[in-house]
Amino acid sequence: MLALVLLVLVAAATAAVLRRGAGTYPGHPVAAAAAAAPVARAPGAPFRGVAGATGGAAALLYLWGLLCVGGAVMEAEDGGTDSVPPRPCRDGVPPERSGQVVDYSVSYLPLGFRCETLDGDGYDSADIPGYVNPGVAVLALTAVGSAVAAGYAAERRARAAVRSDGRAPASDRRTGSL
């Protein structure tokens, strides 16, 4: 739960910084000059910002899930008294169910720690939060979609420039040098 709150705070701070823009802080000499002359924004810049922010958030959430899986594995591998069944397999299940555990398996995509029982069935451990895998999927898909939208916006602007004056924009022209 703490990780989710932290993720929301980081996302809100990132959105605030991206919305405000670089070079617009008061009292800075460059900021005053930049505010006087409007700067043309590159096509797809907001999409690139969203893609970067959500991609970073997806990576952080996946890292959090990896830490949870690693902690569960370390706890399961800790031998000695009270090590059977593995401790991660005891949380959130009745003792009759956890008493049937014979082994465990670890998955890294999607993240998971699965407790395997005598009858060949199994169940997922409660050590990996349920929001990790869906959160990573949504954030990663948002990042990919935003990156595609940024590329589409840039391509659309380049095509419009070619149609309007019959030449490619200066940033897309070849210089002729090898």
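Residue-by-condition table, conditions (1) more than 30 Å from A51 (Cβ to Cβ); (2) open to solvent by 70 Å² or more (accessible area, probe 1.4 Å); (3) modelled with pLDDT under 85; (4) in contact with a helix residue (DSSP H, G or I) (Cβ under 8 Å, 6 or more places away or on another chain):
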position: E77; (1), (2), (3), (4): yes, yes, yes, no
position: G80; (1), (2), (3), (4): yes, no, yes, no
position: R87; (1), (2), (3), (4): yes, no, yes, yes
position: R90; (1), (2), (3), (4): yes, no, yes, yes
position: Q100; (1), (2), (3), (4): yes, yes, yes, no
position: S105; (1), (2), (3), (4): yes, no, no, no
position: L109; (1), (2), (3), (4): no, yes, no, no
position: S125; (1), (2), (3), (4): yes, no, yes, yes
position: P129; (1), (2), (3), (4): no, no, no, yes
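Scanning region 111-123 for residues that are open to solvent by less than 40 Å² (accessible area, probe 1.4 Å) and basic (K, R) yields a total of 0. Listed conditions (1) assigned to a helix (DSSP H, G or I); (2) farther than 30 Å from P43 by Cα; (3) in contact with a helix residue (DSSP H, G or I) (Cβ under 6 Å, 6 or more places away or on another chain) are all met by V73, apart from (3).
Restricting T142, T175 to residues that are of a type outside the set (G, A, S) and modelled with pLDDT of 85 or more narrows the list to T142.
Only residues that are farther than 23 Å from A149 by Cβ and open to solvent by 50 Å² or more (accessible area, probe 1.4 Å): list them for region 50-75, please.
Matches in region 50-75: L63, W64, L66, L67, M74, E75.
On the basis of being open to solvent by 90 Å² or more (accessible area, probe 1.4 Å) and at pLDDT below 65, does P95 make the cut? First the steps, then the outcome.
Working: open to solvent by 90 Å² or more (accessible area, probe 1.4 Å): yes; at pLDDT below 65: no.
It is false that P95 is open to solvent by 90 Å² or more (accessible area, probe 1.4 Å) and at pLDDT below 65.
What are the pairs with Cβ atoms under 7 angstrom where one residue, in region 98-109, is among the hydrophobic types (A, V, I, L, M, F, W, C) and the other, located anywhere, is outside any strand (DSSP E or B)? Sequence gap at least six, or different chains. Every condition considered, the pairs that remain are V101/P85; V101/P86; V101/C89; V102/L118; V106/V69; V106/V73.
The values are calculated or read from the model by the stated rules, or taken from the named source; none is laboratory data. This is a predicted model, so every value here is computed, not measured. Positions of Cβ are backbone-derived with ideal geometry, glycine not excepted, and every protein chain shown enters the neighbour counts. Remember, those area values only see protein heavy atoms, side chains included, never the ligands or the DNA or RNA. Shrake-Rupley method; radii C 1.70, N 1.55, O 1.52, S 1.80 Å.
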